[in-house]
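Worksheet: one structure, shown below.
The values are calculated or read from the model by the stated rules, or taken from the named source; none is laboratory data. Values in this document were obtained by computation on a predicted structure and should not be read as measured data. Virtual Cβ from ideal backbone geometry, glycine too; neighbours counted across all protein chains shown.
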Amino acid sequence: MLVKQRREVYSTTSNSFRHKKEVMRKYNITSRNYDELYGEEQRSKYKLAFMRIKHLKGIILDAGCGTALLYKFLNRKALGKLKLYVGIDLSDGMLWRAKGKVSRETIPAELIRADADFLPFRDKVFDAIFAFTLLQNMPEPNVTCRELFRVIKDHGMLVVSIPRNVNVNVDLQGEVLEDSGIKDTIFLLKLNNKPNT
């Protein structure tokens, strides 16, 4: 029985790794034209979310930051109370493109190549986490959500977008933001107390 369980764990881990490697390859290729292909769509999501977000301060995490389009959007909103923007992504190509954006703007920023399922941060460090267009790319979205909840402060805010045409099996309890011109559903969760994870 013990050996069988180990094989199942190894198989799941191996499948997850293969899935992430394929997603990484896809985004490395797409990174060259990502802003032209998807920039306007992403900015539309940000605009919808920020119609409901009035205050943003402290340290924020952009999980699956891609080419740092959110970073550029935040700089244009002139959010002076942000101490630090941290962007993580698995794709070297996306981070390479992001690096050019963060070097020209005012909000302090760090870009890190990291897996959203295994974030290299201590518990409860971020005031807000944004995960636009991330969960549908993850092999086990619930694992990803647990990790995001681990690193967000107890009274933090989590903003997640999920394409409507993709079945992502997660239960997010929060305000649902939708617009007929946007392909994603956006979930806005304001944590008032410690989340159950």
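List of remarks:
- Enumeration of residues in the stretch 80-91 that are out of contact with any helix residue (DSSP H, G or I) (no Cβ under 6 Å at 6 or more places or on another chain) and either touching a residue at least 40 places away in the same chain (Cβ under 8 Å) or farther than 17 Å from V23 by Cβ (or both): G80, K81, L82, K83, L84, V86
- Enumeration of residues in the stretch 160-177 that are in contact (Cβ under 8 Å) with a residue 60 or more places away in the chain and either of a type in the set (D, E) or under 15 Å from I88 (Cβ atoms) (or both): E175
- For the stretch 29-142, the strands (runs of 3 or more DSSP E) that sit wholly inside it and include 2 or more residues that are surrounded by 21 or more Cβ atoms within 10 Å (Cβ to Cβ), touching a Cys at 6+ places or on another chain (Cβ under 6 Å) and not hydrophobic (A, V, I, L, M, F, W, C) are 82-89.
- Selected residue (only one of D92, D35, D62 is in contact with a Gly (Cβ under 6 Å, 6 or more places away or on another chain), on the phi < 0 side of the Ramachandran plot, at pLDDT 90 or above and of a type outside the set (G, A, S)): D62
- Within the stretch 32-64, the set of residues being over 21 Å from E110 (Cα atoms) and β-branched (V, I, T) comprises I53 only.
- Of the criteria (1) within 22 Å of K45 (Cα to Cα); (2) in contact with a helix residue (DSSP H, G or I) (Cβ under 8 Å, 6 or more places away or on another chain); (3) modelled with pLDDT under 90, which one T197 fails: (1)
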